[in-house]
1. Run the helix sum for the chain: -39,500 (n - 2.57) per DSSP H stretch of 4+ residues, divided by residue count, reported at 222 nm to the nearest 500 deg cm²/dmol.
2. Fewest to most neighbouring Cβ within 10 Å: what's the order for 118, 11, 56, 149?
3. If we count other beta carbons within 10 Å of each Cβ, what is the order of 1, 67, fewest first?
4. Starting from the Cα of residue 171, step 7 Å toward the Cβ, then list every residue of the range 11-39 with an amide N under 18 Å from that point.
5. By how many nm would the segment from residue 137 to residue 72 grow when fully extended, if each residue of separation counts as 0.36 nm and the alpha-carbon distance is taken off?
6. Hey, what's the per residue convex hull volume over the C-alpha atoms of the range 54-152, in cubic angstrom?
7. Zone of residue 6 (label point 7 Å along Cα→Cβ, backbone N under 17 Å): which residues in the range 13-56?
8. Using the eigenvalues of the Cα gyration tensor, what equivalent ellipsoid semi-axes result for the chain when each is taken as the square root of five times the eigenvalue, whole Å, largest first?
Ligand code: AMP
């Protein structure tokens, strides 16, 4: 998998001093890199009987629909507040300063469906654990949480200890 790391652009001090931003646009535009990323992620869930793949706005959308297609599952977007046009369920989650909110259509997941949650980067795990709560609010079962990149030094996995957490590349 380490050849994929060479396709990820590391940008120091973005969006603020001290943060290294992992820019996956350089991976997405590489035809082999994009295919290998989706292939390797979906391989982990091949026998998981996933019904729905949930993508987290915004960069989760780059991978989740391709995963849904590969796994013969549906795709559901989780969005920032006030973007979804129908009835929603919301969760609040903690940011470094203050809180934020994420929403899902209240009929997006049927009770008992097996749901795979996909995002580009697992950092502190706050976003992913909020999305897992949303899925469970609707009665879905979290079949796993998958990430292209895991920032292991932030221990986001600890917030997701009750779930199957899988990442392709660790930093
Ligand atoms: P967290 O809730 O801390 O796990 O943050 C995860 C979300 O923030 C993901 O949706 C990522 O897209 C984004 N993110 C956090 N840290 C980084 C980083 N260093 N580089 C790129 N994206 C990041």
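1. It lands at -6500 deg cm²/dmol.
2. 11, 149, 56, 118
3. 1, 67
4. The answer is 11-30, 34, 37.
5. 21.0 nm
6. Dividing the Cα hull volume of the range 54-152 by its residues yields 92 Å³.
7. 26-37
8. Semi-axes from the Cα gyration tensor: 24, 20, 14 Å.
Quick note: the coordinates plus some simple rules give every number you see, no bench work behind them. Because the structure is predicted, anything quoted here is derived from the model rather than measured. We place every Cβ from the backbone using ideal geometry, glycine too, and count neighbours over all the protein chains shown.
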